[in-house]
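Data block below; observations after.
The values are calculated or read from the model by the stated rules, or taken from the named source; none is laboratory data. Bear in mind the structure is a predicted one, so any value in this text is a computation, not a measurement. Cβ placement follows ideal geometry from the backbone for every residue including glycine, while neighbour counts extend to all protein chains displayed. Surface accessibility is based on the protein's heavy atoms, side chains included, excluding ligands, DNA and RNA. Shrake-Rupley method; radii C 1.70, N 1.55, O 1.52, S 1.80 Å.
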Amino acid sequence: MLFLVVAVAAVARIVDLQFFDKDIEFENYGKKTTRQDPIEPVRGSILAADGRYLAFSTPEYFIALDATVAPDSVFEANVRPLAEALSNNFRERSVDEYVNLLRSRRAAGRGYTRLLKQHVGYDQMKAISQYPLLCLGQRQGGLLIEQIDHREYPYDKLAYRALGYLRSSEDRPRIGVEGALDSTLRGTSGVRPMRLIDKGIWIPDAEKQEIPAQNGQDVQISIDIDMQDIAQKALLRKIENEPDLEAGTVIVMEVATGEIRAMVNMEKDEHGRFTEQYNYAIGRLGEPGSVFKLATLVTALEDGKVTLDTRQPGDVIWHYGKTAFEDTYLRNYSSISVRKGLEISSNNVFRRIAAEKYGRNPQDFVDKINNERRITYNYDFDLPGMGKARTRDPKDKSWSPSDLPQIGMGYAVQVTPLHILSFYNAIANDGVMVKPHLFVNLQRGGNVEYTYPIETVGRVCSKETAAKAKEALRGVVIGENGTARRAFKDCKVHVAGKTGTARIALPRGGYVDGAGRKKHQGSFVGFFPYENPKYSIMVVVYSRLTGKNYYGGSWGGPVACEIIDNIYAKSPDWYSPIISSGAMPEIAQDKHRRQNDTLTGVPNVMGMGLRDAVYLLESQGYKVETKGRGKIVEQKPVAGTLINIDTTTVSISLAETL
């Protein structure tokens, strides 16, 4: 009897399914019931030379609701309390606006509604998920949570143009390190198979294999955060209150390796504030003026056509062909040595070297400037946007006989600041040019997977000629009439270098407008310490059209001196004790900075998000390694431990605890 009852019930259910319960049969008919969702990788971090974070990604969340999921009674009982919670805490919409939005979306059968325009952090996401209706979860309440990687820059706009900038993993950067190594930092997306269940809800398909994402590699670059901060502050102090200056750039490079330690680019915006908008260091081509004279000197020294003591006529007006060249710096000289000509930055001394020593074969001079001095060598720099240097050539249709002497003193040439610095760096490096670079290595999980090599471009001159050139450049700084003497008279470090002042060609041609105004660039380029150079430096300031003059010795030199003094204050082992005490400027946003040798030891970061923990630890000088995502669940060493911050790293582990 029991068997008969069960059999009848089964037959009845089959008939019901076959002929009456069409909802189950046709609910998903014609719909795609499987799909593959991408698993987004975590973008790699950008690390400074000492391992501190310059950029990293943290998980953040968009909160959305499928307003069609909850039953009518549940939806109506919770829609206004949910609206009140959202409106009171985030104030993006009024309570009534939220209620009307969600009701209209439900009535229209529209499943997805983003509740907040802004993305929120982990703590906020957990709090919002407990709001009315949302606390019922995805299947009962319709809660939808989208995770994105939000890009953080702990030092705000420091090195902005060198780093590049993006807000989330969805952006496609085009500038800086972020743009140059986008594919490396971005990683490779994975695939998660999904299947559709009741009420339009998708869940992972456990029967199909998931392909995990490959997170992006971390890249360590050569930027020194402290040097970058020193250089930026020194440049801004000099230019920010000068109405006729429109831009400035600073580059600091390590002599032996070509590693860029600082790269600052400041340009005045429409509000009169200086910000990093364009990479002048690598992109701004122009006639460099007197800083180019060193290339003329080195060429003539290498060819044995002059010595530092060779004497030249002190003609204020010198005629070459049909052109009369004036040089008022020679008004007190009947004759002058090449050495003294460099010290006072005489244009005619170097015009005459080029014209009188190479006038019979201008091509030979130009070829040696390009191919032996390599000052216009166009290497592939790590960042996009490097300008292509060139020298006017006798083979050009536009070549004029007057171009040869003009090249000799830094005109009829187009180079970037980095081209000039690379040449001076080669002189400091005993005549060997190394390729400037920013990228140091690629890492994954703290392990170095690839190291970028130091590349030698080649010799620009013999070691003996480099020594003579260094001697001459030292005279520019300490000579009685040296153009850099005043700027460096109180400098704590022995510096060698050259000032340069050049007029900037105007778009319509010429260098002076109808009102007699000019645009200038004032430069200083050199290296330090003179006896055993460790760093080279270039400072350039750019003026708008003005009646004023902006000389390299008055504007570029003082900025360089301040930077060098502060770098020296970091590295007193270069010499005997510092002449006067020097304090390192603090990075503005490090409001938590304090000494690490206090009895408090390593701070407690347990339970924090990655962003806050890294900021707190690094602002106190600790090096940090991270693993995982979410909230910090473990730190080593534990809070309060006294450690040597130079040799010990704080390791933090994170997990998403739901």
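Ordered by solvent-accessible area of protein heavy atoms (1.4 Å probe), largest first, the residues 531, 562 come out as 531, 562. Working ranking of peptides 344-355, 398-409 by packing, defined as the average number of other Cβ atoms within 10 Å per residue, highest first, is 344-355, 398-409. When the Cα atoms of the range 95-141 are aligned to their principal axes, the ranges along those axes come out at 32, 23, 17 Å in descending order.
Here the gap between residue 388 and residue 544, fully extended at 0.36 nm per residue and compared with their Cα-Cα distance, gives a gain of 53.8 nm. Computed over protein heavy atoms with a 1.4 angstrom probe, the accessible surface ordering of 222, 554, largest first, is 554, 222. The gain in end-to-end length when the residue 441 to residue 117 segment is fully stretched comes to 112.9 nm, 0.36 nm per residue minus the alpha carbon separation. Counting charges near residue 384 (Lys, Arg +1; Asp, Glu -1) among other residues having Cβ under 12 Å from its Cβ returns a value of -2. In loop segments of the range 357-421 as defined by DSSP, the trypsin sites (Lys or Arg not before Pro) with at most 12 further C-beta atoms inside 10 Å of their C-beta are 360, 388, 395, 397. Counting only protein heavy atoms and using a 1.4 Å probe, what share of the accessible area of the chain belongs to carbon plus sulfur, as a whole percent? Carbon and sulfur: 49 percent of the exposed surface of the chain.
For the range 202-326, the equivalent ellipsoid derived from the alpha-carbon gyration tensor has semi-axes of 50, 24, 16 Å in decreasing order.
For residue 561, the shell of other residues with beta-carbons less than 11 Å away shows a net charge of +1, using +1 for Lys and Arg and -1 for Asp and Glu.
The trypsin sites (Lys or Arg not before Pro) of the range 434-524 that meet both conditions, a loop assignment by DSSP and at most 11 other Cβ atoms within 10 Å of the site Cβ, are 489, 508. Annotation for the range 439-514 versus the range 314-373: alpha-carbon center distance of 21 Å. So if R0 is 35 Å, what FRET efficiency would residue 456 and residue 480 give, r being the distance between their Cβ atoms, rounded to the nearest 0.05? Step by step, r from the Cβ atoms, then E = 0.40. Relative protection proxy for 55-65, 136-146, from highest mean packing down: 55-65, 136-146 (other beta-carbon atoms within 10 angstrom).
Radius of gyration over Kirkwood radius for the chain, both on Cα atoms: the Rg/Rh ratio is 1.14. Distance between the modelled labels on residue 72 and residue 194, one decimal in nanometres: 2.9 nm (7 Å Cα→Cβ projection). Modelled spin labels at residue 275 and residue 107, positioned 7 Å past Cα toward Cβ, are 4.4 nm from each other. Among the GluC sites (Glu not before Pro) in the range 239-328, those located in a DSSP loop and surrounded by at most 16 other Cβ atoms within 10 Å of their own Cβ are 240, 270.
The mean accessible area for residues of the chain, using a 1.4 Å probe and ignoring ligands and nucleic acids, is 46 Å² per residue.
Accessible area per residue (1.4 Å probe, heavy atoms of protein chains only) ranks 318, 555 as 555, 318, with the largest value leading. Stretching residue 206 away from residue 317 to a fully extended chain increases their span by 31.1 nm, per 0.36 nm per residue minus the current alpha-carbon distance. With a cut-off of 20 Å on the backbone N, the residues of the range 502-517 near the modelled label site 7 Å out from residue 396 along Cα-Cβ are 502-512.
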